[in-house]
């Protein structure tokens, strides 16, 4: 039985890789740039933040972000998106300066219901719930709160352009302790994105992550980055995907502890269903 299951898995993987090998650069680009893609997508994103904390130190967050589309019905697809962060904090950004911390942060899970058979060149959209899970391995790396809220995404693939925005808001509803003096979570996240595809798989992109902590004072509420980057579609063996490098400057950031600069490096893998 075990050998049979391994054989079935190997056959399905082989068929998936054959289908992936037939994808054009344009198809790869659109699939990697579309958060509602009908393919399995595995982005691994590393964010390095500079001038963070009162001592202007370096903070790092590596996000493992699998995207899994599921056929919900004949007319709808459910696209799940999980963000598992691995966080590295310098000693100046931990409670009571207890020393640097490294470990898993809190997990965000969102599920978007999106219609199938959308006409080419028209707007696509998805909407659903987002959940916030207290998976941090240390209280300095998370909030120790459970949360939930609404999430939505809209986008359009228009020739060489792929653009849209993702929006969500999370409210905490349970959780023990007051990690980092956090009594409640009320956090808005907005990520507008725009991609312009060039020749030979190259593209220019901008996807700043804007956040608003509604529980914070006005001087500590907003983080607003501005910037852009460059990407390149490619194949990792037979697996299609893309590489990206971005840089952002925060025109608004929490006083005292907010970072000034951000560098983002992302590698993304695609697997046809």
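The values are calculated or read from the model by the stated rules, or taken from the named source; none is laboratory data. Fair warning: this is a prediction, and the values are worked out from it, not measured in the lab. So basically every Cβ, Gly included, is an ideal-geometry build from the backbone, and we count neighbours across all protein chains shown.
What the table shows:
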| item | result |
| --- | --- |
| Verdict on residue 192 being at pLDDT 95 or above, under 23 Å from residue 80 (Cα atoms) and assigned to a loop (DSSP other than H, G, I, E, B) | no |
| Criterion (under 14 Å from the mean Cα position of the chain (by Cα), within 20 Å of residue 265 (Cα to Cα), buried (at least 16 other Cβ atoms within 10 Å of the Cβ) and free of Cβ contacts under 8 Å to residues at least 24 places away in the same chain) met by exactly one of 63, 47 | 63 |
| Those residues of the range 199-220 which are surrounded by fewer than 16 Cβ atoms within 10 Å (Cβ to Cβ), part of a loop (DSSP other than H, G, I, E, B) and touching a residue at least 24 places away in the same chain (Cβ under 8 Å), in sequence order | 214, 215, 216 |
| Exclusive hit being over 15 Å from the mean Cα position of the chain (by Cα), more than 30 Å from residue 144 (Cα to Cα) and surrounded by fewer than 16 Cβ atoms within 10 Å (Cβ to Cβ), set 173, 236 | 236 |
| The range 92-120 residues that are more than 21 Å from residue 149 (Cα to Cα), paired with ones that are modelled with pLDDT under 80 and in a strand (DSSP E or B) (beta carbon under 8 Å, 6 or more apart) | 93/52 |
| Options 144, 120: the member that is in a loop (DSSP other than H, G, I, E, B), under 25 Å from residue 64 (Cα atoms), more than 16 Å from the chain's Cα centre (by Cα) and at pLDDT below 95 | 144 |
